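The structure appears below as structure tokens.
The values are calculated or read from the model by the stated rules, or taken from the named source; none is laboratory data. Keep in mind that what you see is a predicted model, and the values were worked out from it rather than measured. Cβ atoms come from the backbone with ideal geometry, glycine included; neighbour counts cover every protein chain shown. Heavy atoms of the whole protein, side chains included, go into the accessibility calculation; ligands, DNA and RNA do not. Shrake-Rupley method; radii C 1.70, N 1.55, O 1.52, S 1.80 Å.
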Amino acid sequence: MIDLRLLREDPDRARASQRARGEDVDLVDAVLSADERRRSSSVRFDELRAEQKQLGKRIPKAEGEEKAELLRRTGELASAVKAADAEKDEAAAETQQLLRRLSNLVHPDVPVGGEEDFTVLETIGTPRDFAAEGFEPKDHLELGQRLGAIDVERGAKVSGSRFYFLTGVGALLELALVNAAVAQATEAGFTPMLTPALVKPQAMDGTGFLGQAAQDVYHLEKDDMYLVGTSEVPLAGYHMDEIIEADRLPLRYAAFSPCFRREAGSYGKDTRGIFRVHQFDKVEMFSYVDPADSQAEHRRLLEWEKQWLSSLELPFQVIDVASGDLGSSAARKYDCEAWIPTQGKYRELTSTSDCTEFQARRLSIRMRDGKQVKPLATLNGTLCAVPRTIVALLENHQQADGSVWVPPVLRPYLGGREALEPVAK
């Protein structure tokens, strides 16, 4: 939720942000109109209450016709005060309802446009030339099946499309990735967390996932709870309705959790293998900081993601995501996209978003700096989304004989293995 005072002072900035996102610009004026009604009705209520109090003081001293007139006016005021109070509350509720529909203000340096209008900030590593090595690369599913690591047929049998089993070395590879990622995050000063997979509506709505992303969320109607699509949700909700002392900031958490996404609207996209699935595990970084430090923290999160992908020795590029492809909570987002050989393009593996004060306002998370209490800033960053990382690892590190080279960072968690060997032909 954006700052209502800022919206009043600079509505053109909010209009430009909505326009850049491809969202409803008129919503800005609707918020301002409702807010004006709220303020005017509040003034009206205060005036009527003041008059009511004055009359209350005069009545005991009045007599005769004057007292009768004061009593009559008191009756009128009682009805008027009640009506003004109701109007004030109604306008306030409408203002908040409309304000919560506005997305975060886009950072001025974000490239404007849709999904393909991102800016490439840097490219790290060089994709392998498999032709020069004398063999055609296999895709991750064929490799995973030969390694006895991935079983999508039984995943579909048990749960339906876009579900899978990781078996044998595939299961061990996930555990190795998770342990290595958590170790990196812990060394960087993050507090490791295991978070709930089910959350209340307040937490899901507070992080902004019941707006444009609502179609991808699993809702358990009987319990009125939601399966999280990312541990960003419980991590953001962890401190909701709290005031945090400024000297405790930054607070940094790294959570391992299952994630659930309906993938609505993705029919026909990435249907082969485990690149786009309904359930997966992830290690997520989350920071609470002073708003003045949010941009610097955003760069730090990006550097930790780059460190992780570099340790896996994957070729990747970093992009500044375009305005129309931002989530509603993000003011700016950087993605790290790894090269996928059999697709011949870079695909998203990690992302990090600066949500400024947007989520904190919705979740009532504030910081106390001396006598001042104000909303803080929240940021999130994927460290390891397991299935996509497995896809990138298998395809980029495959060998001509069907084995897969293991990066040194993972070997301590895989019993010292230097390669994953095929178990089935």
Candidates 83, 188, 197, filtered to the one that is over 21 Å from the mean Cα position of the chain (by Cα), at pLDDT 95 or above, small (Gly, Ala, Ser) and surrounded by 13 or more Cβ atoms within 10 Å (Cβ to Cβ): 188
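Any residue at all in region 360-367 that is assigned to a strand (DSSP E or B), open to solvent by 10 Å² or more (accessible area, probe 1.4 Å) and touching a helix residue (DSSP H, G or I) at 6+ places or on another chain (Cβ under 6 Å)?
From region 360-367, those assigned to a strand (DSSP E or B) are 365-367; that's our starting set.
Narrowing the set further to residues that are open to solvent by 10 Å² or more (accessible area, probe 1.4 Å) leaves 366.
Narrowing the set further to residues that are touching a helix residue (DSSP H, G or I) at 6+ places or on another chain (Cβ under 6 Å) leaves none.
Within region 360-367, none of the residues are assigned to a strand (DSSP E or B), open to solvent by 10 Å² or more (accessible area, probe 1.4 Å) and touching a helix residue (DSSP H, G or I) at 6+ places or on another chain (Cβ under 6 Å).
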Checked pairs for region 217-237, first under 27 Å from residue 252 (Cβ atoms), second among the acidic types (Asp, Glu) and open to solvent by 20 Å² or more (accessible area, probe 1.4 Å), C-beta under 7 Å and 6 or more apart or across chains, list as 229/216
Residue, farthest from residue 422 (Cα to Cα), within region 169-192, restricted to residues that are in contact with a Ser or Thr (Cβ under 8 Å, 6 or more places away or on another chain) and part of a helix (DSSP H, G or I): 184
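Kindly evaluate residue 391 against the criterion of being surrounded by 23 or more Cβ atoms within 10 Å (Cβ to Cβ), out of contact with any strand residue (DSSP E or B) (no Cβ under 6 Å at 6 or more places or on another chain) and either closer than 20 Å to residue 174 by Cα or modelled with pLDDT of 95 or more (or both).
On the way: surrounded by 23 or more Cβ atoms within 10 Å (Cβ to Cβ): yes; out of contact with any strand residue (DSSP E or B) (no Cβ under 6 Å at 6 or more places or on another chain): yes; either closer than 20 Å to residue 174 by Cα or modelled with pLDDT of 95 or more (or both): yes.
Against the criterion (surrounded by 23 or more Cβ atoms within 10 Å (Cβ to Cβ), out of contact with any strand residue (DSSP E or B) (no Cβ under 6 Å at 6 or more places or on another chain) and either closer than 20 Å to residue 174 by Cα or modelled with pLDDT of 95 or more (or both)), residue 391 qualifies.
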So if I check each of 242, 232, 263, which one is among the acidic types (Asp, Glu) and in contact with a His (Cβ under 7 Å, 6 or more places away or on another chain)? 263
Matching residues, region 243-266, being charged (D, E, K, R) and open to solvent by 40 Å² or more (accessible area, probe 1.4 Å): 245, 247, 248, 252, 261, 262
Looking at the structure I just gave you, is residue 269 surrounded by fewer than 22 Cβ atoms within 10 Å (Cβ to Cβ), of a type in the set (D, E, K, R) and assigned to a helix (DSSP H, G or I)? no
